[in-house]
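The values are calculated or read from the model by the stated rules, or taken from the named source; none is laboratory data. No experiment lies behind these values; they were computed from the predicted model shown. Note that each Cβ is placed from the backbone with ideal geometry, even for glycine, and that neighbours are counted across all protein chains shown. The protein model used for the area step is the full one, side chains on, heavy atoms only, and it has no ligands, DNA or RNA in it. Shrake-Rupley method; radii C 1.70, N 1.55, O 1.52, S 1.80 Å.
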Amino acid sequence: MTIRLRLTVPTDLPFVCDVEQAPENAPFLVVWSEERHREALDDPDILHMIAEKAETGHPVGYVIIAGLANPHDSIELKRITIAVKGQGYGRSILRQIKQWAFQERKAHRLWLDVKETNDVARTLYLSEGFRVEGTLRDCLKTGDTYESLLILSMLADEYES
């Protein structure tokens, strides 16, 4: 099964919001409104994409990348959100993003943050060569509790090796 990435269009936003707000995804995200996603479509610093099965065009998730205008060649993988878990879509998408960032964009650094409690995503990122840079302790308030974010990154020379 081949997964391809294409630009998100406004008619994709109900799918994006449904996937984002799904009970298996929402606890691990800072959920955006449909309007915030719509604004991102027109932001020159953000790449908002739908991940879909190449054979059928059926969407399986979405991706948000930021820092396209970053003068330091540092790109942020803001979000990968998958609708159907356990099929390897996340790994496939992550590999495409790394290839795009380092080979096409010639980025020096690709980075992301992940909630400390998101074991599945953290395990994927580490298995794909990302390194933990540090922890933003209790930086998100969710209801009456605070959550920490781990900062992970990969440098171009780490991608090459």
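Tell me the mean residue ellipticity at 222 nm calculated for the chain from its helices only (DSSP H runs of n ≥ 4, each -39500 (n - 2.57), averaged over every residue, nearest 500).
Taking each H run of at least 4 residues, the total per residue is -7000 deg cm²/dmol.
Mind checking the dipole of the range 63-161: about its Cα centre, +1 per Lys or Arg Cβ, -1 per Asp or Glu Cβ, Debye to the nearest 20?
300 debye
Ordered by residue, what ³J(HN,Hα) values in Hz, to whole numbers, does the range 114-123 give under the Karplus form 6.51 cos²θ - 1.76 cosθ + 1.60, where θ = phi - 60° and Gly and Pro are x?
The phi angles translate into 9, 4, 4, 7, 8, 4, 5, 5, 4, 4 Hz.
Enumerate the calculated ³J(HN,Hα) couplings along the range 34-40 in order (Karplus 6.51 cos²θ - 1.76 cosθ + 1.60, θ = phi - 60°), each rounded to whole Hz, writing x wherever the residue is Gly or Pro.
4, 5, 5, 5, 4, 4, 5
Scan around Leu140 for amide H atoms under 5 Å from its own, H built in the peptide plane at 1.01 Å from N, and keep only partners 5 or more places away or cross-chain.
Those lying under 5 Å, H to H, from Leu140 are Glu147.
Dividing the convex hull volume of the Cα atoms of the range 82-145 by its residue count, what figure in Å³ per residue is obtained?
119 Å³
With θ set to phi - 60°, apply the Karplus curve 6.51 cos²θ - 1.76 cosθ + 1.60 along the range 145-151 and write out the HN-Hα couplings as whole Hz, x wherever there is a Gly or Pro.
Rounded to whole hertz, the list is 10, 10, 10, 9, 10, 9, 9.
Can you give me the long-range amide H partners of Ile3? Hydrogens built in the peptide plane at 1.01 Å from N, cutoff under 5 Å, separation of 5 or more residues or another chain.
So Ile3 has HN proximity to Ala54.
Using amide H atoms built 1.01 Å from N in the peptide plane, name the residues 5+ places from Ala107, or on other chains, whose amide H lies under 5 Å from its own.
Counting only residues 5 or more places away or on other chains, the set is Phe102.
Got a sec? Charge dipole of the chain, +1 on Cβ for Lys and Arg, -1 for Asp and Glu; which of Ile46, Ile93, Ile80 is way out at the positive end?
Ile93
Leaving out ligands, DNA and RNA, and with a 1.4 Å probe, what % of the accessible surface on the range 1-60 is carbon or sulfur?
57 percent
For the range 80-128, with all protein chains present and a 1.4 Å probe, just round the carbon and sulfur fraction of the accessible area to a whole percent.
49 percent
Which entry in (1) 1.14; (2) 0.94; (3) 1.09 is this structure's computed Rg/Rh (Cα atoms, Kirkwood Rh)?
(2)
So with the 1.4 Å probe, I'd like the accessible area per residue for the chain, rounded to whole Å².
That works out to 54 Å² for each residue.
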